[in-house]
Structures are given as structure tokens and as C-alpha cells.
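Student: The structure's right below; bear with me while I get my questions together.
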Ligand SMILES: Cc1ncc(COP(=O)(O)O)c(C=O)c1O
């Protein structure tokens, strides 16, 4: 056994006190006396061979430090120093310890590489398994890998390389967040980041890249930001034992702040070691970081982040982690998670670029967009004609408000009425606004034209509907997730089963002013009504003097193979409600289109929108109408959609109950006892296909209409692989997310679907 000279023999055999709960720190430390400490080379900006080290002084500073740490409740194990290895005193760089595993550091500079042998020997003698990183990795130990809030926070670039962390993380079983260090003075993370407990840390944001800053700010709910002079005095290079913070320096400001949090700052003089760019933390290596540290704090920011660094590189030969194939978390996810309200559970993909039917994340992984913004991207991402129209308009005028006219609104309205075969348009922005507009028009029409008694106007809607998120719209939804908690609800609606003509007939009376219907229910899971339903509804509405309002926000504008889904039954509604694709995937643009008899009820002052009809949106909308007028997209939707649906249905996919849809709008319904639709979507991400679940058992495939046959083949293979119908590699033509390893967990939260 390696001798343990000097100091506190009694403590060497003493049992370890329990680690402080909630703290990121241990109580058992490995330290190495400075018998051979010196500055004989210069591998960081603090080191100067011209400044002599007083080794005697260094010795007494070190002994005082050990005594201070022990006083705070630490146990200190001693490692024998070796001649010729002056920096061995900085044991934080020995490696990373989690439980019984020790990953020896792979130092960047040859001057320090000789230390490894001795550290490894000590750890194997003390019962640790040695988990050496791949040859070529650079990882400089615990100084660059600090547990915080259930995550290993890892510094890279100035010393450690980011590639090392995928493997480190895998070997130690730690979720890891990698922070890019940009200031060479703070070359290890422990010079700019000092965890205090699961929520608080002393931080030096100027030491990190912008992205690193964002990541840490997402991770640390309560940061103590050090000033430049505090950072330069190595305040962050401290050790926390219970409530005692042992520091190389502390300003009165930092002291007050630490005390207000219940900590006791204790300053020790380590000035001889500062000559080599090392402080208190650098002189210690925590030996009792338990693996459970990384299961902690599921509700904390870090717990939710569950980042993996697998996609950053790593050992391609290492076994695939047990996972659903999701790529590693991007820092942007942590930020959205930290600062955004939690009304979505987005799949963990951060799209940074897109073209046509494909999107790309920040690492350049390609994904086929099989959701197309819930049909807002019918013409694909950045369609050249649409982008050109937008750019041209950006150079002219973008917003006027309706207080004035603009030169795009009139032409847009005329062209849209022509497309719809109607007389007037109310331009709005979002789909929900357009639905509200249609409801207002219908009620007013009911009172002014139909003669319904005041306050009695009733609108019939369908079970399973989805028309948006306003209070009125959720009032007539039967989806508890959309509705619950948002009452009191708007009256005046009557719900009937979707697709049931008799129920519709029974619901119609003299107070009914309108029937609001989705020709195909998208959010319900691409649910088609029985053949003839829309035609029958049209007839019933005519018989009762009731307006038929078709919400074609998702089904319209070529998605189903016709300009409007109602066209399939020649059931022309009285009002079209349009949105999504009308804005070309560039701007929000929605509209209600109907005849004068209906929209004539609006008079100046009774309805409007600041952005509705703005010239930029109208210019894009005009180009959308032009694209639709060629019929090309309707034809593609029919041809490609029919083929894709048939191929899916004929694939004999395990777990699939039904494949249904129209045009390029497909719902795949899974058996309730099989994998959830969410898990299928997660696995599809790993295969390079983005799709979206709805209602637990259905996922949708609705790529942009510019998609190519080979893209659909790609999607088909991906679906087959995920559902277990295909074990081969498929015709993977592009570099897809399927090529990445890694993954972690996502939180299954009930969420907004659109
Ligand atoms: C049929 C239908 N109506 C209305 C909406 C609401 O549109 P928005 O989200 O733009 O308000 C949606 C959105 O998915 C929809 O599918």
C-alpha cells in the first residue's frame, strides 16, 4: 500500500462522515503534499518560471489547508508525491471518480502525463476499477468535471476535449453537460464554476462561450456571479464541505452573499500554488462522489435537462446505450426548458436550418420533416418562390395596420376569393383567430340575417374537434387536456358525434346558426368521416338555413390532394376558415372567406386585428395562391400520398391497428397495448424522421408536398424499422440522425399537440 506520510494518521482509518445531502461535494478527499512542487514549465497563463516557488511556505500552506478542511469535517487521504512531477500536488487533475470507478485523466501536456501512473496505482490499490478513456482523448480530471444538480458539468476546449465526454459519460453513467471554456486564464472549469448545492453555484460567465453561458444559466437557478477581480483571485476554486466554503480568496461582497445563503466562507492562503495556476479546489480530489448523485433532483433544472454528450463524438465501437435513439440534448433545449412555459413536450431536436422537406440540427444531422408544421409547410421549408416574394416585400413595406390601406391587401383578397369561389375575405393571423372570426360572423349573421332571437345563437360542433386554443374554442372542445382548468366556458355550442348525420339533424333547431366542422379531423388523429358525410351535412344546412363552416386550416390548401378537403365531396361550405399553409411557412396568415351576405355583417369597428392583412403576409399569401393555382401540389399530394399510404398499409407493421388518411396526410393508429405513439415518434427521431403523436395511440405522417418519392421510401424504412417490421439498414441516402448514438430520457408530460 502506498504510504500516507504526514498529517492526521487517526483520520486515515476513520469512517467517512455522511456526505452532505443535496450538496454536489463529498467529504473525503485525496491530496498530495507539495514536497516536489515547483514551477519549472509554463502551461497556463499563471505560470512563470521566473517567479520562484517557496517550497517551505508551500508546505505550510498545504498543511494548513488540510487542517482547515478536516476542521470543516473532511477526511483527507494522502498520496505520496513523486520527484519530477511538480504538479502532482493538484490532485483534482488525477481523474474523475464516481463510486468505485476511476477514469484516469489524460493530460494535454506531456509535462503532466507522468502523474497518471501513480494516480492509477493509488486508485487500484484502494479498490477502484480503472476506466481508461480511449487513446487520444484529452480529459483533465475532476477540475473539468464537476457534479451539479444531478449532472456532470464538464469543461472543454482550453484543456479537455469535448470528444472525451461522450465516453466519460458512458463509462460513469452520468448525464453530462459540456461547457465550452473560452478564457485561457480559466483553463479548467473549476476556476470559473463552483457548485455550492443543488441550485447554487459561484460562476464566472465571462470564462465561457455564449453557448456555455446559456447552458449554465439554464442549469443554475441561483448563480453567484463573480466579478473579474474575484474570478482572478480564484474565488471559484473553492471546496465546499457541509456549509463551509474553503476559499483561496473572498471579497466582502461574496462573503455577505455566501453567509446570506447559510455558508461560512473560510479563506486559506494558497498563494504559492496560485503561482502555478491552482487554488484550493485544484489541490483536492473528492473521493466519495456517489453514482446516486446523478439520479438526484428529478425536478431540478438539471434533472430535466438530462443531457447526453453522446452525439459530440466518442467511442464508435462502444456498445449502443439502451435508448430510444434520440440524439443528444442541445443547449437550446435546456434554455427553452428553463425559461419557457411548459406547455409543450417537444421532441428533443433543435432545428437550425431547413430546406424543402428536410431540416437539420446544429450538428448537421438531417431529418425528414414528416409533420410539416401541422401542414403550415405544405410547400416545404423556404420554398424559393415564397422566400423571393417575402424578400421583395421586406424591401417595400411590411406593416401598415388597417388604419390605412396597403397595396398588397386588395390583390390578396381578390385572389383568395377567386381561389375559394367566394366574395369576401377577412384576413387574420392565426388559425384560432380565424375560427373566432367565423364564429362571430355566424352569430351576427344569425341575429341580423336569419333572425335568431338575441343571445340564442347556437353553433353545432363535433366531438373530437380541434379548432385552436382560445377560451371560446376550448369551451366547445371535449379534450380534457385542452379544456380543463380554463373555465368558465363560453356558452352557445352544441356538440354532436363526428360523422353522424342523424345526430346532426337532431341537433339542428331554429337557434342554430352554424355547423362548424373539420372535413378531416387532424388533431384527433387524421380521422375521416364516413363517405358522404360532408355532402349530407351541406344538404342539412341548406334545409335548415344554417351556415356550414369548414375549418380547412389543416386540411386545406392541397394537403389532401384537392385545394380543399371539402372538394372531395363537392360539399362547398358557406365559410372557409383557412390558416397554416396560407402563410407559406413564413408568416402567420389566416383568413375567413365567404360571401357578402355573411361577411357583410362586419362593419368598421366591430372586428379586426393589428397584424391582419399586413402587406408582408399578403404578399406571401398571394404567392401561396399562385402556387396552388397550378394544381401541381394537389397532384403530388394525391400521387405520393396514395402510394405512401398503400406502402405503409401493405407493410404488415407490427402493432399497427390502422393506416388512414387522404393525400399526404396520414394517421397511423397503434394498438393500445403496444408501444405508445410518443415512443414511436422518439424512435423515429433517431431514424431521422420527425413526426408527431396525438392522443397516445396515433402518430401522423404529413411531410411537405414538395417531398420526393425517395424521401418517402426513407420514411417508410424508418417506420418499418421502428415498428420492428424491418431489421435491415434500409435505403439510407442521407446522413441522418440514425447514425448517432446516445440518448437519454424525455419527460412524458401531457402536452399541447399543436
Ligand atoms: C383544424 C384546425 N383549426 C384550428 C387550428 C388552430 O390554428 P392556430 O394554431 O394557428 O391557432 C388548428 C391547429 O392545429 C387546426 O388544426
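Each value in this text was obtained by applying a stated rule to the coordinates, not by laboratory testing. From a predicted model like this one, the values you see are computed outputs, not experimental measurements. No Cβ is skipped: glycine too gets one built from the backbone with ideal geometry, and neighbour counts run over all protein chains shown.
Student: Can you grab the distance from the C-alpha centre of the range 177-221 to the C-alpha centre of the range 608-648, Å, no decimals?
Tutor: 46 Å
Student: Just for the chain, what percent of DSSP beta bridges are antiparallel, to the closest 5?
Tutor: Details: 49 of 85 bridges.
Taking every DSSP beta bridge with both residues in the chain, the antiparallel ones total about 60 percent.
Student: Angle, helix 409-420 long axis vs. longest principal axis of the chain, Cα atoms, 0 to 90°, nearest 10?
Tutor: 70 degrees
Student: Report the extension gain between residue 478 and residue 387 in nm, rounded to one decimal, defined as 0.36 nm multiplied by the number of residues separating them, less their alpha carbon distance.
Tutor: 28.9 nm
Student: Compute the Cα gyration tensor for the range 111-231, then decide on rounded, prolate or oblate, letting a ≥ b ≥ c be the square roots of its eigenvalues: rounded whenever a/c is under 1.5, prolate when a/b is larger than b/c in the other cases, and oblate in all that remain.
Tutor: Values: a/c = 1.88, a/b = 1.64, b/c = 1.15.
Prolate, because a/c is 1.5 or more and a/b exceeds b/c.
Student: Now for a separate question. In what sequence do 405, 467 fall when counting other Cβ within 10 Å, fewest first? Numbers along the way, then the final one.
Tutor: Numbers: 405 11, 467 28.
Fewest-to-most Cβ neighbours within 10 Å comes out as 405, 467.
Student: For the range 508-530 and the range 460-502, compute the distance between their C-alpha centroids and round to whole Å.
Tutor: One Cα centre to the other: 11 Å.
Student: Shifting gears a bit: Rounded to the nearest 10 degrees, what's the angle between the helix 115-125 long axis and the longest principal axis of the chain, both from Cα atoms, 0 to 90?
Tutor: Taking Cα atoms only, the helix is inclined about 90 degrees.
Student: For the pair residue 64/residue 500, report the inter-label distance in nm, with labels modelled 7 Å from Cα in the Cβ direction.
Tutor: Once both label points are built, they end up 8.5 nm from each other.
Student: I need the calculated FRET efficiency for the pair residue 346 and residue 725, taking r as the beta carbon distance and R₀ as 25 Å, to the nearest 0.05.
Tutor: Efficiency, rounded to the nearest 0.05: 0.40.
Student: Using the Cα gyration tensor of the range 171-228, with a ≥ b ≥ c the square roots of its eigenvalues, what is the shape: rounded (a/c below 1.5), prolate (a/b larger than b/c) or oblate (neither)?
Tutor: Judged from the Cα gyration tensor, the range 171-228 comes out oblate (a/c at least 1.5, b/c at or above a/b).
Student: Send over the per residue convex hull volume for the range 54-149, Cα only, as a whole number of Å³. Don't skip to the answer; put the middle values down first.
Tutor: Numbers: hull volume 12.1 nm³, N = 96.
That works out to 126 Å³ per residue.
Student: If the convex hull of the alpha-carbon atoms of the range 354-511 is projected onto planes in all directions, what is the mean projected area in square nanometres?
Tutor: 14.2 nm²
Student: Determine, from the Cβ-Cβ distance of residue 48 and residue 113 and an R0 of 30 Å, the FRET efficiency 1/(1 + (r/R0)^6), rounded to the nearest 0.05.
Tutor: On the way: r = 22 Å, r/R0 = 0.73.
After rounding to 0.05, the efficiency reads 0.85.
Student: Ranked highest first by average number of other Cβ atoms within 10 Å, how do 451-464, 120-133, 619-632 line up?
Tutor: Descending packing order for the listed peptides: 619-632, 451-464, 120-133.
Student: For the range 473-605, compute the orientation-averaged projected area of the C-alpha convex hull (one quarter of its surface), in nm².
Tutor: On the way: hull surface 39.0 nm².
About 9.8 nm², averaged over all directions.
Student: Starting from the 7 Å offset along Cα-to-Cβ, what nm value, one decimal, do you get for the label separation of residue 132 and residue 225?
Tutor: Computed distance between label sites residue 132 and residue 225 equals 4.4 nm.
Student: Return one number: the angle in degrees, 0 to 90 and rounded to the nearest 10, between the long axis of the Cα atoms of helix 677-686 and the longest principal axis of the Cα atoms of the chain.
Tutor: Between helix and principal axis, roughly 60 degrees.
Student: Same structure, new question: Got a sec? Which residues in the range 516-548 would a label at residue 489 touch, if it sits 7 Å along Cα→Cβ and we count backbone N under 19 Å?
Tutor: Of the residues in the range 516-548, 516-518, 523-524 have backbone N under 19 Å from the label point off residue 489.
Student: Still on this structure, I have one more. First obtain the Kirkwood hydrodynamic radius of the range 576-730 from its Cα pairs, then insert it into the Stokes-Einstein equation at 37 °C and 0.692 mPa s, and state the resulting D in µm² per second as a whole number.
Tutor: The calculation lands on 183 µm²/s.
Student: So, one more: Return 566, 194 ranked ascending by Cβ neighbour count within 10 Å, so the fewest neighbours appear first.
Tutor: By the 10 Å Cβ count, ascending, the order reads 566, 194.
Student: Right, next: Hey, for a label at residue 449 modelled as a point 7 Å past Cα toward Cβ, could you say which residues of the range 400-440 have their backbone N under 12 Å away?
Tutor: 423-424
Student: Could you give the length gained by full extension between residue 399 and residue 630, i.e. 0.36 nm per residue of separation minus their alpha carbon distance, to one decimal place? Display every interim value, and only then the final one.
Tutor: On the way: separation 231, 0.36 × 231 = 83.16 nm, distance 2.89 nm.
Full-extension gain reported as 80.3 nm.
Student: Here's something else I'd like to know. Run the quick spin-label model on residue 539 and residue 456: label points 7 Å from Cα toward the beta carbon, then report their separation in nm to one decimal.
Tutor: Each label point lies 7 Å from its Cα, and together they span 2.8 nm.
Student: So what is the diffusion coefficient of the chain in µm² per second by Stokes-Einstein at 20 °C and 1.002 mPa s, using a Kirkwood Rh over Cα pairs? If you can, show how the numbers build up before the last one.
Tutor: Values: Rh = 29.4 Å.
Translational D for this selection: 73 µm²/s.
Student: A further question on this structure: Rg to Rh for the range 438-487: what is it, with Cα atoms only and Rh by Kirkwood?
Tutor: Working: Rg = 12.7 Å, Rh = 12.1 Å.
Here the Rg-to-Rh quotient is 1.05.
Student: Could you work out how much longer the chain between residue 407 and residue 710 gets when fully extended? Use 0.36 nm per residue separation minus the Cα distance between them, nm to one decimal.
Tutor: Net length gain for the segment: 104.9 nm.
Student: Follow-up question, since we're still on this one. Rounded, prolate or oblate: pick one for the range 178-296, where a ≥ b ≥ c are the square roots of the eigenvalues of its C-alpha gyration tensor, a/c under 1.5 means rounded, and failing that, prolate if a/b is larger than b/c, else oblate.
Tutor: rounded
Student: Quick one: if the Förster radius is 22 Å, what FRET efficiency do residue 55 and residue 121 give, using the C-beta to C-beta distance and rounding to 0.05? Present the calculation step by step, with values, prior to reporting the outcome.
Tutor: Working: r = 24 Å, r/R0 = 1.11.
E between residue 55 and residue 121, to the nearest 0.05, is 0.35.
Student: So how do 42, 77, 169 line up by other beta-carbon neighbours within 10 Å, fewest first?
Tutor: 42, 77, 169
Student: Kindly state, as a whole number, the per residue volume in cubic angstrom of the convex hull around the alpha carbon atoms of the range 502-579.
Tutor: 90 Å³
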